[in-house]
1. Limited to segment 347-358, what total is found for residues that are without any contact (Cβ under 8 Å) to a residue 12 or more places away in the chain and crowded, with 22+ Cβ neighbours inside 10 Å?
2. Could you please find all residues in segment 85-135 being farther than 14 Å from residue 68 by Cα and surrounded by fewer than 16 Cβ atoms within 10 Å (Cβ to Cβ)?
3. Restricting segment 65-93 to residues that are in contact with a Lys or Arg (Cβ under 8 Å, 6 or more places away or on another chain) and outside any strand (DSSP E or B), which is farthest from residue 192 (Cα to Cα)?
4. Confirm whether residue 337 is touching a helix residue (DSSP H, G or I) at 6+ places or on another chain (Cβ under 7 Å), at pLDDT 95 or above and of a type outside the set (A, V, I, L, M).
5. Among the residues in segment 264-273, are any touching a Lys or Arg at 6+ places or on another chain (Cβ under 6 Å) and of a type outside the set (A, V, I, L, M)?
6. Does residue 344 satisfy the condition of being surrounded by 18 or more Cβ atoms within 10 Å (Cβ to Cβ), at negative phi and of a type outside the set (Lys, Arg)?
7. Among the residues of segment 367-396, write down those that are closer than 21 Å to residue 245 by Cβ and either surrounded by 14 or more Cβ atoms within 10 Å (Cβ to Cβ) or at pLDDT below 95 (or both).
8. How many residues, within segment 198-223, are touching a Phe, Trp or Tyr at 6+ places or on another chain (Cβ under 8 Å) and not in a loop (DSSP other than H, G, I, E, B)?
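The values are calculated or read from the model by the stated rules, or taken from the named source; none is laboratory data. Computed from a prediction, not measured in an experiment: that's the story for all the values here. All Cβ positions, even for glycine, are placed from backbone atoms using ideal geometry, and neighbour counts span all protein chains on display.
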Amino acid sequence: MSQETPPDSDHGTDARRIAAVVVAAGKGLRAGQGVPKQFAAWRGKPVVRHSAEALAAAGIGPILVVIPRDCEELAQTALDGVPGVRLIGGGETRQESVRLGLEALAADAPDLVLIHDAARPLLSGAVIARIRDALKHSKGVIPVLSVVDSLTHVSDNHVSDNTVGPIMGAPADRAQLRRVQTPQAFHYAEILAAHRAWEGPALAGDDAKVAQAWGMEIALVEGDEALHKLTFASDFNAPAPAVRVGTGYDVHRLTEGGELWLCGIRIEHTHGLSGHSDADVAIHALVDAMLGAIGAGDIGQHFPPSDPQWRGASSDRFLSHAGTLVAQAGYALGNADITIICESPKIGPHREAMRARLAEILGVDPTTISVKATTTEKLGFTGRSEGIAAQAAVVLIRT
């Protein structure tokens, strides 16, 4: 067959019609999602929808999505509203599914076609643009990435009877190797002919191999690290954020003659705070901030005021519990900032003791704890000395 290079066309516009075949016909069992992975939720939407939307946004259409023959309802739900999408049942192998998708385009054949794996959801407009530009000069284009790790062949030899598994063989030259991604793009008539003529193994690997076996030269363009393939269950587990933030706020009424506990220390005062526990308003705000940062509810869920076991309880127990939950969630306290809002008592003389006590309860350095106070200039319930309020903010750092 002839392999003439297509004439160079103007880089500003390209009037050739371009379609896409999105391969979504696999079972995706290794991903462990309960449904084929291409229809599982990932970053807020079904996996297949990500790339379909990216192709539609790039003006590509129609978009033939090749699906398992018993998954039409799943696919329709996953792709509802994406312009230009058509569904077609797939085959027993990826190569057969691609051929069926290409055949479905034949009645109104496009000039060019992109063939993309649905399991690569983060398809950027930049990758599509590089591929389309390269198709002005080449009949087949694939995105690739350099290999950055050292490589070796596996040796069949064993150096001793104690060897466990294979051993290192001859080194491989990574400069001559590339990691292959999709979408892979071709002149439509030629890739259809290549798939029709394919007589290789049932598991062809990818469309570039089919095209190359037919005699097509394949050009390489830069791919994208984000365009990785979702394969395993771990790929669907969102990584914990490096930093989490929480805030807390609490109020307790002042009553004459009671004990006043703030930040884990007892302060001599004419009034104490009223509450089911010792009513340490500052610790309660800090506990809520820590629980909020890890999405673990609030202090009332963990220590209900209706439960008699917490009557008069020391609030350091609540704070210690919050610290344990934070550690179990994989975080450590970066810093905590507590503001106590009251007219009296004066907080300044007790500030360092408060910081030290909170740090002791949480097992952290006192430098990570800030305690400060303000008044409301005699306004409101705190200004009238009817109660004390406290607010807290925390930053948690992933360990």
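1. 0
2. 103, 106, 107, 108, 109, 111, 124, 125, 126, 129, 133
3. Let us first name the residues in segment 65-93 that are in contact with a Lys or Arg (Cβ under 8 Å, 6 or more places away or on another chain), namely 65, 68, 78-79, 82, 89-91.
With the extra rule that they be outside any strand (DSSP E or B), the set shrinks to 68, 78-79, 82, 90-91.
On the way: 68: 21, 78: 28, 79: 25, 82: 25, 90: 16, 91: 16 Å.
Checking each candidate, the answer is 78.
4. Details: touching a helix residue (DSSP H, G or I) at 6+ places or on another chain (Cβ under 7 Å): no; at pLDDT 95 or above: yes; of a type outside the set (A, V, I, L, M): yes.
So residue 337 does not fit the description; no.
5. Yes - at least one qualifying residue is present in segment 264-273.
6. Working: surrounded by 18 or more Cβ atoms within 10 Å (Cβ to Cβ): no; at negative phi: yes; of a type outside the set (Lys, Arg): yes.
In short, no.
7. 368, 369, 370, 371, 389, 390, 391, 392, 393, 394, 395, 396
8. Of the residues in segment 198-223, 4 are touching a Phe, Trp or Tyr at 6+ places or on another chain (Cβ under 8 Å) and not in a loop (DSSP other than H, G, I, E, B).
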